[in-house]
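Below you'll find the structure, written out as structure tokens, and then a few comments.
The values are calculated or read from the model by the stated rules, or taken from the named source; none is laboratory data. Since this is a predicted model, take the numbers as computed values, not measurements. When we count neighbours, we look across all protein chains shown, and the Cβ atoms used for this are built from the backbone with ideal geometry, even at glycine.
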Amino acid sequence: MASFIERMCLYRVLVLSVFLSITQAVDRSNFKTCDQSAFCSRQRAMKPGQSSYTALLETLELSDSHLTVQLLNNNNKVLLLLELYRLQGNMTRVKINELKPIKPRYEVPDVLITDPPTELMSVLAQDEHRVVLSLGGEDWRLILSAQPFRLDIMEGPQVLLSLNSRGLLAFEQLRIRKDTKSQTDTEEAGEKEDTEKHDKEKVSEGEEEEAEEEVDQPGMWEETFKTHADTKPNGPSSISLDFSLPGVEHVYGIPEHADGLKLKNTDGGDPYRLYNLDVFQYELFNPMALYGAVPVLLSHNTHRTMGLFWLNAAETWVDVSSGQGSSEVPQTDVRWISESGIIDVFIMLGPRPNDVFTQYSSLTGTQAFPPLSSLAYHQCRWNYNDQEDVSAVDQGFDEHDIPYDFIWLDIEHTDGKRYFTWDNNKFPQPKDMLQGLLDKRRKMVTIVDPHIKVDSSYKIHTEIRSRGYYIKNKDGGDYEGWCWPGNAGYPDFTNPEMRKWWASMFAYDQYEGSMENLYTWNDMNEPSVFNGPEVTMHKDALHGPWEHRDIHNLYGFYVQMATAEGQIQRSGGLERPFVLTRAFFAGSQRYGAVWTGDNAAEWGHLKMSIPMCLSLGLVGISFCGADVGGFFKTPSAELLVRWYQAGAYQPFFRAHAHLDTPRREPWLFGPDNTALIREAVRQRYTLLPYWYLQFYHAQRTGQPVMRPLWVEYPEDIATFSIDNEFLIGRDLLVHPVTDERSSGVTAYLPGNGEVWYDVHTFQRHDGAQNLSIPVTMSSIPVFQRGGSIICRKNRVRRSSSCMENDPYTLYVALDSQGNAEGEIYIDDGHTFKHKTDKQFIHRRLSFTANSLSSSDLSPDSQFPTASWVEQVNILGAQKPDAVTLTATDGGESSVEFEFDPDTAVLTLRKPGVNAGVNWTLHLR
Amino acid sequence: MDFNLAGVHWLSDLLLCTQPLPVPTIPTERQFYEENKPFTCLDGSSTIPFDRVNDDYCDCRDGSDEPGTAACPNGSFHCTNAGFRPTFIPSSRINDGICDCCDTTDEYNSGATCQNTCREMGRKERESLQIMAEITKEGFLLKQQLIHEAKRGQEDKQGKLTELQGSKKGLEEKVEALRTVKETAEDPEKEAKERHLKAWEEQKELIRMEKDKTRMAEAFLELDDDADGYVSVAELQSHLELDPDSDGSLSETETQGLLGGADKVDTSTFETVWSGIKDKYLSEVSQGQSEPPAPVETPQEEESRDFVSDHDSDHYPEDYAGEEDVEDDEEDDHEEEEEEEEKVPPTVQTPEKREDDEVSMPPYDTETQSLIDAAQKARDDFDEAERALREVDDQMKNLEKEIGFDFGPSAEFAYLYSQCYELSTSEYIYRLCPFNRVSQKPKFGGSETNLGLWGQWAGPEDNLYSVMKYDHGQGCWQGPNRSTTVKLTCGKETVVTSTSEPSRCEYLMEFTTPAVCQEPASLDEVLHGHTEL
């Protein structure tokens, strides 16, 4: 009896201590290191050296669109096929696959928006050692060396990039499994001979030399992590390739990691890992995988920006090593390792940062143009308990005169975590609730996760099951895992039929209680499987013919794709969707917004929100944000205020909190803090026209909205490592206060010869300096670039829709030559008519030679707007004698003005012109 | 945009025609907006031509030049709301497409179709005010009653306390007097009992010696195997239990030593030998039949110890398990447990009875017995008096505690003391015991959860008694200890009207009681005050 109790006691202590350790930080033991991942450790064991591959130049074929050549692995005589494409827009695509794989290897579909258009490649020179190809321009060349195989991309005499220069190309060919006995006893020579023969037969094809025997290594045919077995019926299939970037010290990208903007050297540590995972309480400054993966790396130096897009959706590890190359030139070496699939790399040659963004977006598309209101403020919590709670919070915002556009419902709103349903007790009348929000021109988001409760009385489940849309386990049955609802199935979103069906579930008559102001949040779509290996799906689960191993990092991408499609369809193709996702892949920018997952109410996490979103922006995903306040734990009032101030200047602006934390609506921290939060949110609302314009640009050009400084100042080395401040578009520089009890920050203002204006005081500062700024609790250091014109709507109302017809105030910040330029973009804010019917206004505002004028940038588009120009503030101005307005019809009128000699701000009173027409203001 | 002007407020005419505002909006400030005269911002910051009042451009820092438009970020708009209550709204709500003023005046140019609902709202408000007024009135009357009762209760308690203080004094004296009586009666009792005991001891000794002699004779006969009238070394040597050094063998020398140095002893000499060996000696008969040894004192003690330890092993784990169950440190469970433990009867009495196995003591003689009876009575009387005193003490303590509680400015909340109120929801039964605790019990099985113990009054400074705070309830995983805020509103009845959990483990309870009803302004006044506008 006593001993039983003792045991029980011990057990409890253990359980308790496990919980305690979990609450402190991430439980690293739940996630693999490279050493614990068989293919990674296998590949990483291979050291740089002479490549075992030879390009068989005699097999070279050159067509209009591409070049092919066979690569021979001299060790095992396996042949690979290399395909080289010169793509339009200064890109090169390198594809390597097995020449004759015993079964097809996975090639990632649906991520590229189109088959990338090619350009003619021509041979400049050829001998038995190498082939020189022209990549266009005067001296852009690609050199293919035969023995050992390597590729060099040159500009003139300069090597821009080399492939396989360190000999790390490794391609594990698919093979027939040796018989089970040899698997248990690989030492038996007789067994080996058999397989050797077999291999030889398969690969020799006229080769006389003996192929080296290949020995199975542990983990090739099965692997166990913790209690989870991965059966690996297809055996080893991993791939690896190295890239060398001479002259490069700074590389960026490959999100998602909770790490600084500039990628670190991974020598001696783990590589950066790309494997979408639901990481509980993630750690900062760590290359561990997180919720999403974009296998795109950018390199940058003062001369050139380039990009590498490794199109592979399997688990991937990226080693980064910077150091001195030959002759004291800095060099960065990058090595990609993926578990399966093929090598398919897009080399984006820049040369300017914006060229790389254009190149990458020509492959995977641009950021979806979001509804204007989704750029406003979002109020979320796990959970708003019931309709009364929603209504009380809504009322609270009005009572405290804080604007908001979206209120969110987390998983508790459903009937037992059955998505597309409502808890009947808590939300008996969802349409009444939505109508109440609609009456205030506000919106709602409900969560719809991809794990589906296994419950024969749940329509969604029975439909998916009967249609056979679930992912299958290795034995062919429906894969089941544990998630919020308990036992759950996971729909196979890689199946287009499944996606189509899923999209149809968002129709108003399918999703009961939904209305046009209800939008969607896809969480847990890594996918999260509580009882799966590394809290995700078993790699041997099956998506039709493919293993989950092959498609893993694509799953979340497809979930968001299908959901966004559903939202478009429910409105008959008229309305823009808004879908937030936690998991993502290259191309996810086409479907909505991304947030940085389950962060914590800590100053470090507030700081980290900047590099995390900057990294996402660099690889196309502009609509990024972090949970304001921090998801886990409870923020101090100071941290909460600072987070609102920072979040107000990041693309996706949503407060969120864990179920176990005390309430933290903005008015719960005393009147002073309420006022500070109100002010931060109001600043966001005044700038919505600017944010909207940035997203319009992002959609058109693929330029990130939130940018690292180096993107705009690519030659200023001082900017290359900055990740505590950022630019929104080109014209606003933000340096949020992210330290506790801060009395000042030092912001770097870039640009030699440029000027910057404090947006609050209009004080003018020179560029190319570190500026010390004293701060108080109300400070949000933001600067407008001299030479820019920014349009704001200063009449902040309770939601962005209410501000639709409000007038603009222009902030004309003069550069040192007295010039400035800006744009204004207006449309209905929520439909596709800007695209389908050309219903929009896009105008250039330009100040030069003492005249400010508005001219049409898109004469063939039209949109009627009630908005007008209320006020013009010219920063860095001199006092004029008179100001006159020339209207569209040529009529002139005088405009009253006020000049503040202390701030050098000239304020023009009420020009009153419509925002959609031509006009000129003359200062005399 | 739809500019349906029919019935539009004058403000819209103003805006559309950019005419100056004919009448200022705010009655009290009407004087400052004098048509065709320069307007000075209400904060005096600047003066502007009157045509810039309400011209949809903010000229005054305080927003006072735009009382009818949304131009000023800090402006406010006055809804007259004829038929209802006039109100100010932030000027950002003018023409935002949302009907804020029931008289529709805020949406004169937004295209929103607003209905004038002032009359209806006024009617509803009057109705509800009327109902509230009635509730307040009745509630206030009830409150007076409560105050009265509380006062009387307080007085009663005070009186009772005084009374108790008086009786306590009497009782203390009585206890002292009875103590003397008891002590006086106990002296002769003690003497008589000791006498009796001594006589009994003597008698017992005689009996014991008699028994011993019999045993000795029996032993002699038993040992004297050859019946020669002597016990020899050889005859004794088989009794290993007598081995002085307990080495397992009884040597000749050792045996001789036992026999006082002789080789054999006769009956009379055996007497001296016997006294040396009798404690260890085991009868051959009993040895052979492995009969349990005669009950002597030592085994008895062991047995009783066993009993106690048995009790321990039975009981200890329960305690242990109990503590585990209340991992969350629920104080009440501990209390209950302690009570339980107290209820467990004392267990060490039983073994004493075993003495009866021996020859029992003869009853006291009549004289002694009467002395004992007299002393017992004195003791009982004393105990009773002492108990009565303790009771009075307890009562006084409880009374003092109750009197010391903050039951509101006029003790109007006193009636809630030691009461409990329940509210049943779909899942739980919530229970509020004012000034004590709040708890939650699942309807369909499961143990009760402590949602907080009485903390303090926690209303705002000017209305302290409108909120009760209960804290230090059962702990939450990764969260705080549960706590409950109880909001009190005026009502005729004392009821828990709702509960919610706005944050994890922070509960909110709404509770109506007449005790918070404020003295109503006369109903006429209330209604009049609103119809005037």
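Counted as qualifying within the range B:232-278 are the helices (runs of 4 or more DSSP H) with 1 or more residues that are surrounded by 14 or more Cβ atoms within 10 Å (Cβ to Cβ) and out of contact with any helix residue (DSSP H, G or I) (no Cβ under 6 Å at 6 or more places or on another chain), namely B:252-258, B:267-277. Looking at B:Asp43, is it within 14 Å of chain A (Cβ to nearest Cβ) and in contact with an Asp or Glu (Cβ under 9 Å, 6 or more places away or on another chain)? For B:Asp43, the condition - within 14 Å of chain A (Cβ to nearest Cβ) and in contact with an Asp or Glu (Cβ under 9 Å, 6 or more places away or on another chain) - is not met.
Just one of the numbered conditions (1) farther than 30 Å from A:Ser636 by Cβ; (2) surrounded by fewer than 16 Cβ atoms within 10 Å (Cβ to Cβ); (3) in contact with a Phe, Trp or Tyr (Cβ under 6 Å, 6 or more places away or on another chain); (4) of a type outside the set (Asp, Glu) is not true of A:Ser816: (3).
For (1) within 27 Å of A:Pro371 (Cα to Cα); (2) of a type outside the set (Lys, Arg); (3) modelled with pLDDT under 95, each residue gets a yes or a no:
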position	(1), (2), (3)
A:Glu638	no, yes, no
A:Val641	yes, yes, no
A:Gln650	yes, yes, no
A:Arg663	no, no, yes
A:Pro666	yes, yes, no
A:Asp672	no, yes, no
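For B:Arg85, indicate whether it is in contact with an Asp or Glu (Cβ under 9 Å, 6 or more places away or on another chain), within 26 Å of A:Arg909 (Cβ to Cβ) and of a type in the set (Lys, Arg). Taking the combined requirement at face value, the residue does not satisfy it.
Under the condition of being assigned to a loop (DSSP other than H, G, I, E, B), touching a strand residue (DSSP E or B) at 6+ places or on another chain (Cβ under 7 Å) and within 12 Å of chain A (Cβ to nearest Cβ), the residues counted in the range B:72-105 number 2. Among the residues of the range A:786-807, the ones that are outside any loop (DSSP other than H, G, I, E, B) and either within 25 Å of A:Arg730 (Cβ to Cβ) or away from chain B (no Cβ under 11 Å) (or both) come to 7 in all. Criterion applied to A:Arg678, A:Arg741, A:Arg663 was being surrounded by fewer than 21 Cβ atoms within 10 Å (Cβ to Cβ), in contact (Cβ under 8 Å) with a residue 40 or more places away in the chain, closer than 30 Å to A:Ile411 by Cα and out of contact with any Ser or Thr (no Cβ under 7 Å at 6 or more places or on another chain), and the one residue passing it is A:Arg678.
Scanning the range A:401-420 for residues that are within 13 Å of chain B (Cβ to nearest Cβ), in contact with a Pro (Cβ under 7 Å, 6 or more places away or on another chain) and surrounded by fewer than 22 Cβ atoms within 10 Å (Cβ to Cβ) returns a single hit, A:Asp401.
Return a yes/no flag: does the range A:119-132 have any residue that is more than 28 Å from the chain's Cα centre (by Cα), in a strand (DSSP E or B) and crowded, with 19+ Cβ neighbours inside 10 Å. Looking for residues that are more than 28 Å from the chain's Cα centre (by Cα), in a strand (DSSP E or B) and crowded, with 19+ Cβ neighbours inside 10 Å, one finds at least one in the range A:119-132, hence yes. In the range A:687-719, the residue that is nearest to the chain's Cα centre (by Cα) out of those that are surrounded by 21 or more Cβ atoms within 10 Å (Cβ to Cβ), at negative phi and in a loop (DSSP other than H, G, I, E, B) is A:Pro704. Checking B:Leu178, B:Leu129, B:Leu164, B:Leu171 one by one, the residue that is surrounded by 13 or more Cβ atoms within 10 Å (Cβ to Cβ), touching a Phe, Trp or Tyr at 6+ places or on another chain (Cβ under 8 Å), more than 14 Å from every other protein chain (Cβ to nearest Cβ) and not aromatic (Phe, Trp, Tyr) is B:Leu178 and no other. Filtered by the rule that a residue be buried (at least 19 other Cβ atoms within 10 Å of the Cβ) and either free of Cβ contacts under 8 Å to residues at least 24 places away in the same chain or in contact with a strand residue (DSSP E or B) (Cβ under 6 Å, 6 or more places away or on another chain) (or both), the range A:645-660 gives A:Gly647, A:Tyr649, A:Gln650, A:Pro651, A:Phe652, A:Phe653, A:Arg654, A:Ala655, A:His656, A:His658.
Of all residues in the range A:775-784, count the ones that are over 16 Å from A:Ala877 (Cβ atoms) and not in a loop (DSSP other than H, G, I, E, B). Matching residues across the range A:775-784 total 2.
Filtered by the rule that a residue be polar (S, T, N, Q), within 14 Å of chain A (Cβ to nearest Cβ) and either surrounded by fewer than 19 Cβ atoms within 10 Å (Cβ to Cβ) or not in a strand (DSSP E or B) (or both), the range B:484-518 gives B:Thr497, B:Ser498, B:Ser500.
Failed condition for B:Pro67, given (1) within 13 Å of chain A (Cβ to nearest Cβ); (2) of a type outside the set (D, E, K, R); (3) assigned to a loop (DSSP other than H, G, I, E, B), with all others met? B:Pro67 satisfies every listed condition except (1). On inspection, A:Arg792 does not qualify as under 30 Å from the mean Cα position of the chain (by Cα) and crowded, with 24+ Cβ neighbours inside 10 Å.
Listed by position, the strands (runs of 3 or more DSSP E) contained in the range A:264-364 that have at least 1 residues being of a type outside the set (Val, Ile, Thr) and farther than 23 Å from A:Ser528 by Cβ are A:296-300, A:305-310, A:316-324, A:330-338, A:343-348. Residues in the range B:106-123 that are more than 14 Å from B:Cys79 (Cα to Cα) and among the hydroxyl-bearing types (Ser, Thr, Tyr) were compared, and the one that is farthest from the other protein chains (Cβ to nearest Cβ) is B:Thr113.
Looking only at the range A:471-478, decide whether some residue is crowded, with 20+ Cβ neighbours inside 10 Å and either touching a Leu at 6+ places or on another chain (Cβ under 8 Å) or among the small types (Gly, Ala, Ser) (or both). The answer is yes, given that some residue of the range A:471-478 is crowded, with 20+ Cβ neighbours inside 10 Å and either touching a Leu at 6+ places or on another chain (Cβ under 8 Å) or among the small types (Gly, Ala, Ser) (or both).
Elements of the type strands (runs of 3 or more DSSP E) sitting completely within the range A:869-911 and holding at least 2 residues that are under 41 Å from the mean Cα position of the chain (by Cα): these cover A:869-875, A:905-909. Of the helices (runs of 4 or more DSSP H) lying entirely inside the range A:458-563, those carrying at least 1 residues that are free of Cβ contacts under 8 Å to residues at least 60 places away in the same chain and of a type in the set (D, E, K, R) are A:459-467, A:496-504. So for the range A:648-659 (the condition being hydrophobic (A, V, I, L, M, F, W, C) and more than 19 Å from A:Val681 (Cα to Cα)), does at least one residue qualify? There is at least one residue in the range A:648-659 that is hydrophobic (A, V, I, L, M, F, W, C) and more than 19 Å from A:Val681 (Cα to Cα).
Within the range A:421-442, the residues that satisfy the criterion of being among the aliphatic types (A, V, I, L, M) and either within 12 Å of chain B (Cβ to nearest Cβ) or under 32 Å from the mean Cα position of the chain (by Cα) (or both) are A:Leu434, A:Leu437, A:Leu438.
When the residues of the range B:73-119 are narrowed to those that are buried (at least 19 other Cβ atoms within 10 Å of the Cβ) and of a type in the set (Phe, Trp, Tyr), which ends up nearest to A:Arg678 (Cα to Cα)? The residue in question is B:Phe77.
Is it true that some residue in the range A:841-848 is more than 14 Å from every other protein chain (Cβ to nearest Cβ), in a loop (DSSP other than H, G, I, E, B) and touching an Asp or Glu at 6+ places or on another chain (Cβ under 9 Å)? The answer is no, given that none of the residues of the range A:841-848 is more than 14 Å from every other protein chain (Cβ to nearest Cβ), in a loop (DSSP other than H, G, I, E, B) and touching an Asp or Glu at 6+ places or on another chain (Cβ under 9 Å).
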